[in-house]
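Report on the following structure.
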Amino acid sequence: MLAFLQQDRAVELFERAQDLHERGEYERAVVLYREVIAILPDAVEPKYQCAAALLATDKAAAAQEASMLLEQVIGLNPQMLRAYELLAEAKLRCGDTLAAERLLTELLKLDPKNQAVRVRLAELALRSNNSTKAVELLEQTDLDKQGLELLAVALEGRGDARAALSVYDRLIALSPEVEYFKRRGVLRLQLGEYALAVEDLSKAPSTDADAALMLAEGLIKIGRKDEALSVAEGIRPADALMRARLAEVFVAAGKIAVGINYLEQAVTETKQSDLEMMARLAELLIQTDAGRAIEYWQQVLAHERRADYITGYASALLKSGKFAEAAAEYRQALKLQPSYEAKAGLALALFKLEAFAEAAQQFLALIEQRPTVAINYYFLAICFDKLGDLLRAERAYLRFKELAGSEYQLEVDKVNLRLPILRRQIEKKGK
């Protein structure tokens, strides 16, 4: 008789607990569930519901008790599949990701068609930066919107931009949300599909500074500089990196002074800790303020004497008329890395120092490396001319004229003035 009374009491308590649970009064529900469990220790449903209510309280300590209860539930009924999923959630709340993955993997074996479990496992794989595993899990089932979102992120993480683009196409067909257009626009920028990227990114609100910056970058790529400037001028950069990227938009649109100003602000904001950013600022300043460029390059080189940094420093020295110092720095750069830029800089520095014999050898080496660069023939011709090698000078002048574009019109005019005199000198010398 006592057993029946206890069972009746347990049923009454369980129903009251369920009512409280449904009303969101989780802590009061847990108190009653515990009473039911004390009466019926082998009943699985009260333990399962108590665990669910504990997790709903969102308290760290509650996850431990929920985990213990759910392990008991699975021990009593290994076929209660929902208990595996809830236990995995409890383990995650306790910080035991590996245990959660093991449980969800086991559940997937018991229920291979459970899409929610696949999606949860994919989320955990992405959390641990395992994009390949996430893709494998998600590609084996029909996906809803959430699953497609995860698949797109996983494919991006795996470096498969083209496949991710296709997933965003599907998402936009399902639900044309602005965020999907933005993500697709980002991928199209990466793939070099600039016009299509601009179309997608234009759908983002102007208040989205990140999307606006990418839009401006895309517009620059397709030559719509005025529109890029209009977009860029409305952006309020959130951090130094965004400020530096915005600077590049202004520079590409021809507003170099504005770009330098933005980049200087970015360098100040990072307290000169970003060497690449400071190096880029120094590079831009070479054309407008070589003295300040030298100062920035010196700060960069104090941290790291990299070949390209030394080359940049040498170029600033060259621009400021410090030819001997520039030549010495170019030689240092070439010892570290024999780049074309350093070779060209050294050749010009030697030319400015009137070391024409050595400069000629440098220009010949440059021509061998890149035989269609017109300006090298111009300087080579002058070197030969100064050295009295008039025939080779004439050939170099003529080759320069063959290759020179409209940007070298001033040099072409000088050559046209020089050639008749040079030819008379050759004739005179030949007599």
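Below are the figures for this structure:
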{"item": "Simple label model, 7 Å out from Cα along Cβ direction - LYS225 to SER273, nm", "result": "3.6"}
{"item": "Estimated [θ] at 222 nm from DSSP helical runs (n ≥ 4, -39500 (n - 2.57)) normalised by residues in the chain, nearest 500", "result": "-25500 deg cm²/dmol"}
{"item": "Estimated vicinal HN-Hα couplings, Hz - segment 86-101 in sequence order (Karplus 6.51, -1.76, 1.60; Gly, Pro = x)", "result": "5, 5, 4, 5, 4, 5, 4, 5, 7, x, 9, 5, 4, 5, 5, 5"}
{"item": "Summed side-chain charge close to CYS94 - residues other than CYS94 whose Cβ falls under 14 Å, Lys, Arg +1, Asp, Glu -1", "result": "-2"}
{"item": "Estimated inter-spin distance, GLU358 and THR97, nm [label 7 Å along Cα→Cβ]", "result": "5.8"}
{"item": "Net length gained if the chain between ILE426 and LEU398 were fully extended (0.36 nm per residue, minus Cα distance)", "result": "8.6 nm"}
{"item": "The chain: relative contact order as a whole-number percent, Cα under 8 Å and 6+ apart", "result": "4"}
{"item": "Computed label-point distance, nm, for sites ASP58 and GLU341 using a 7 Å Cα→Cβ extension", "result": "5.2"}
{"item": "Full-stretch length increase - MET80, ARG170 - with 0.36 nm per residue and alpha-carbon distance subtracted", "result": "28.9 nm"}
{"item": "Model label zone, GLU325; criterion: amide N under 17 Å from point 7 Å along Cα-to-beta-carbon; scope segment 336-350", "result": "346, 349-350"}
{"item": "Selection from ASN376, LEU417, GLY388, by position along the positive dipole direction of segment 371-426 (Cβ)", "result": "GLY388"}
{"item": "Neighbour net charge for ALA173 - beta-carbon separation under 13 angstrom, K R +1, D E -1", "result": "+1"}
{"item": "Förster radius 56 Å - calculated FRET efficiency between GLU199 and ARG23 (Cβ-Cβ, nearest 0.05)", "result": "0.65"}
{"item": "Fraction of alpha-carbon pairs over 13 Å apart in segment 373-431 - percent", "result": "56"}
{"item": "Given charges at beta-carbon only (K, R positive; D, E negative), |dipole| of segment 153-305 in Debye", "result": "220"}
{"item": "Cα-centred dipole magnitude for the chain, charges only on beta-carbon of K, R (+1) and D, E (-1), debye, nearest 20", "result": "2660"}
{"item": "Protection proxy ranking, peptides 128-135, 197-204, 52-59, average beta carbon neighbours within 10 Å, highest first", "result": "197-204, 52-59, 128-135"}
{"item": "Three-way shape call for segment 1-104 based on the alpha-carbon gyration tensor, with the a/c threshold at 1.5", "result": "oblate"}
{"item": "Area projected by the alpha carbon convex hull of segment 272-353, averaged over all directions, nm²", "result": "4.6"}
{"item": "Taking all pairs of distinct alpha-carbon atoms in the chain, Kirkwood radius in angstrom", "result": "28.4"}
{"item": "Surrounding net charge for VAL415, when Lys and Arg each add one and Asp and Glu each subtract one, Cβ distance under 13 Å", "result": "+1"}
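Quick note: the coordinates plus some simple rules give every number you see, no bench work behind them. Keep in mind that what you see is a predicted model, and the values were worked out from it rather than measured. For neighbour counting, all protein chains shown are included, and Cβ atoms are generated from backbone atoms with ideal geometry for every residue, glycine included.
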